[in-house]
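Here the structure is laid out as structure tokens; the discussion comes afterwards.
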Amino acid sequence: MCGIVGFVNTNYSIDEKTEQLEEMMARIVHRGPDNTGQFVDEGVALGFRRLSIIDLKGGNQPIFNENDSKAIIFNGEIYNYQELQQDLQEKGHVFKTSADTEVILHGYEEYGTQIVKKLRGMFTFAIWDREKQELFGARDHFGIKPLYYYHKNNTFMFGSEIKSFLDHPAFEKQVNPGALKPYMTFQYPATDETFFKDVYRVPEGHYFYIRNGEVTFTQYWDPEYTEENMTENEAVDLIDQAVQETTNAHLVSDVEVGTFLSSGVDSSLVTTLAQPKYTFSIGFGKHTYNESSEAKKLTDILKLNNYSRVIESEEAFNAFPDIQYHLDEPSSNASCVPLYFLAKLASEHVKVVLSGEGADELFAGYTEYGFSSNSKMVRVFAQGLKKLSKKSRYRLASRLEHTGNFHGKLHLYQSVAPAEDFFIGQAKVFDERESDDYLQPKYQKSESVHDIVEKQYQKVPDLPELKKMQYLDMHQWMPKDILLKADKMTMASSLEARTPLLDIRLMEVAEKIPTKYLLNSKNTKYAFRKAAHRHLPDEWANRKKLGFPVPIKDWLHEEQFYKQVREVFSANFAAEFFDQEKILDLLDRNYQQDIDARRRIWTLYSFLVWYKVYFVDEKQRNVQAS
């Protein structure tokens, strides 16, 4: 696990490139404090920061092939690298290290671009061909590892974090005005272009080439959902076997591996199967917002060590600018806060943790997929409606949409309506029209919410509604929110997070599970929970999804924190983006408990803190430095 940076440019001298590269690498020292490496020639500069996990003595990068004609820098872990290495050695390739990095390099020599389809793991990498003067790179299937690029001013630069671009002379730092309005709805950076103008993410499941100043992207993988014929027991068996196998695969390491442990089924199952020496939990307060007590109950049963701590409100607020800095882009997903502190705690004991991301997307664990009623009768009736023809379901949904409210209406509507009509992903904060009431005119122009999600929906028009929603989440919520915060918050503390429940082999199983075993009248993530039952007590296997409970509601009613937020809302720079009178009124009415606007306030506050960090404080830092 590491951080990578680099740029392709023929205008700078080697000395200039070296100086620029070192500044880029310094920005991401937290991603790799153990070692550093670089390669610079007339056409390219490649930089690497290492967090040593595999082949502790011999895995430093860049790594070269046998005749030094190609060099690779790599961030991530390849879980099937040993079998790939054996195959490549049998084909005559000579290895200098035992690191998974070198497998990708020789694999590229042997298989070309097809090597990415053979890799099992989380990865971003770049390979420079010195003879052809071209760069080849890729990002893993799901986007577990981040990779950004900027292509302007005769320079193509890339890196694990956007902040590595800030000091490069070819980089022009500007806010992307089209990113703010969608963010207010989605709570995360939802557009392809990031919050920094002209900075983009390398899309998940894609590889790219940069040749003669031109960049091309090719998709090498996408989910292919099917509905295979199987019994419930067969579905549960498939999931159980796959989860056990993938958890074992993710334990390969030359250093100690721990687990994050909450009260939920996903991390509890991973912990039970992994049996780690260390588990880590976090919470706020003693009751509603503290999951660590439930985690401790499980570790007591399993006879495992659990390390936990309680976050104080004041330290959470004090750390928030640092959290937004590490995220690179604003995110109002409140779970960033406890995750940041959880990673800090874990990093005091281990370098690697397993976490539970992925199961909800693969096996339909979200209530937003259509599990909105606690009434068993409503749920059973809705399950029956799903058997109607598509035309009948859609007609019924239209009627339900225009009837008055009644108990179970939302659940029934979501069970029969086209996914495109109601589902935009796991988060919805501001309605689009409501955003315009708060935004200054310059920031009201953006890609619409409909257009953002339609790009995904139009690729899978014939899938069942549930799998359409899963497909959308795989391309929006997962890489732009869940995985982004998991990577950035753990790497902020030089900690590697692995996701055994988000693995290409497990995905191959999930793709073919019938929808009736994913979400039905009995539960979300139905077959997955059945598999978990085989290893966990019922109490854990059947738990509702909570996420990280964070006391934002309480914070915004406490005078100390209300004043802190109000100070940011009142700052001169806030008026650049928002109608200041309206956002202050929203905050004040929430404080007086006339309304509950916590999520909207936190979304506005997160953006403004991010902007202050990158465009106000950073400017002052540069002035002081000069």
Exercise. Return yes when His93 is out of contact with any strand residue (DSSP E or B) (no Cβ under 6 Å at 6 or more places or on another chain), surrounded by 18 or more Cβ atoms within 10 Å (Cβ to Cβ) and assigned to a helix (DSSP H, G or I) and no when it is not.
Key: no
Exercise. Return only the number of the condition from (1) touching a residue at least 40 places away in the same chain (Cβ under 8 Å); (2) part of a strand (DSSP E or B) that Phe217 does not satisfy.
Key: (1)
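Quick one: how many residues across segment 325-339 are part of a helix (DSSP H, G or I) and farther than 16 Å from Ile552 by Cα?
3
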Practice problem: Mind telling me which of the residues Ile72, Ile115, Ile144 ends up being modelled with pLDDT of 95 or more and farther than 23 Å from Pro223 by Cβ? | Solution: Ile72
Quiz item: When Ile104 is evaluated against the numbered criteria (1) surrounded by 22 or more Cβ atoms within 10 Å (Cβ to Cβ); (2) under 23 Å from Ala497 (Cα atoms); (3) in contact (Cβ under 8 Å) with a residue 40 or more places away in the chain, which criterion, by number, is the only one it fails?
Solution: (3)
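Yes/no per residue for (1) in contact with a Gly (Cβ under 6 Å, 6 or more places away or on another chain); (2) under 22 Å from Met491 (Cβ atoms):
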| residue | (1), (2) |
| --- | --- |
| Val243 | no, no |
| Val252 | no, yes |
| Val270 | yes, yes |
| Ala274 | no, yes |
| Ser313 | no, no |
| Tyr340 | no, yes |
| Lys344 | no, yes |
| His349 | no, yes |
| Glu357 | no, yes |
Quiz item: Taking segment 511-570, which residues are small (Gly, Ala, Ser) and under 27 Å from Val270 (Cβ atoms)?
Solution: Ala527, Ala531, Ala532, Ala541, Gly547
Exercise. Assess whether Ser415 counts as being under 19 Å from Ser521 (Cβ atoms), of a type in the set (S, T, N, Q) and either in contact with a strand residue (DSSP E or B) (Cβ under 7 Å, 6 or more places away or on another chain) or not in a helix (DSSP H, G or I) (or both).
Key: no
Quiz prompt | Among the candidates Lys277, Lys286, Lys297, residue that is surrounded by fewer than 22 Cβ atoms within 10 Å (Cβ to Cβ), modelled with pLDDT of 90 or more and over 19 Å from Gly358 (Cα atoms) | solution = Lys277
Quiz item: Any idea which of (1) of a type outside the set (Gly, Ala, Ser); (2) outside any helix (DSSP H, G or I); (3) surrounded by 21 or more Cβ atoms within 10 Å (Cβ to Cβ); (4) touching an Asp or Glu at 6+ places or on another chain (Cβ under 6 Å) is the one Thr246 doesn't satisfy?
Solution: (2)
Self-check item: Listing of helices (runs of 4 or more DSSP H) fully contained in segment 507-583 that carry 1 or more residues being loosely packed, with under 15 Cβ neighbours inside 10 Å and modelled with pLDDT of 95 or more
Solution: 559-570
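The values are calculated or read from the model by the stated rules, or taken from the named source; none is laboratory data. A quick note: this is a predicted structure, and the numbers were derived from the prediction, not measured. Cβ sites come from the backbone with ideal geometry, for glycine too, and all protein chains shown count toward neighbours.
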